[in-house]
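Worksheet: one structure, shown below.
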Amino acid sequence: MKTSAAEADPIAGLSARHEQFLRFVERRVLDRQAAEDILQAAYARAVVQGESLRSVESADAWFYRILRNAVIDYYRHRAVEGRVMTALEEEMDAPATAAEDKPNICSCMQRAIDTLNPAYAAVLREVELSDAVDSLDTFARRNGITNGNAAVRAHRARKALEKSLRHTCGSCAGAGCLDCTCGTKAATHQG
């Protein structure tokens, strides 16, 4: 008596019923592409777990169990993905707090500002580093100077600060002092 390929290898026989299995999955997920993906993953799982199949007669029932579990896993994954996306959307929609926006200013910068011309130090503190972050226009009005004079003062103050920081901190004074991550600059840079 001759045995068919399906009887000799029950896993191979499952691929012959591809459309039947695809319809089964598609009715449960309502998306043909997702159903195809689930079915392909189930075939891969069947090949790996094929040793657990006891008889040819139980191959269909065994594979339907794999498909049901794959559909359940699909919905679990979507639920987790949905929760993560919702949390991410809420986080993205929430206004940023001042603590998140404010850079961690290196203590070297504070000491360097203290060494600058008082007019330069004032413009840096009031316009660049203040929690209120005044505009140059507001600074100019408050100090009785023109907007152009305030802009020139701010430019010169930044240049003087950069020079002082390069002298004190060396090469790390580039952009690193504006968002310091070392936390020990005050201790390591005794200038």
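The values are calculated or read from the model by the stated rules, or taken from the named source; none is laboratory data. Not measured: the values here are computed from a predicted model. Backbone-built Cβ (ideal geometry, glycine too); neighbour counts: all protein chains shown. Only protein heavy atoms, including side chains, enter the accessible area calculation; ligands, DNA and RNA are left aside. Shrake-Rupley method; radii C 1.70, N 1.55, O 1.52, S 1.80 Å.
Summary table
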item	result
Qualifying residue in region 12-24 (condition: in a loop (DSSP other than H, G, I, E, B) and open to solvent by 40 Å² or more (accessible area, probe 1.4 Å))	yes
Residue ID - modelled with the lowest pLDDT, chosen from residues in region 135-173 that are open to solvent by 40 Å² or more (accessible area, probe 1.4 Å) and touching an Asp or Glu at 6+ places or on another chain (Cβ under 9 Å)	Asn147
Test result for Glu81, in a helix (DSSP H, G or I), at pLDDT below 80 and open to solvent by 60 Å² or more (accessible area, probe 1.4 Å)	no
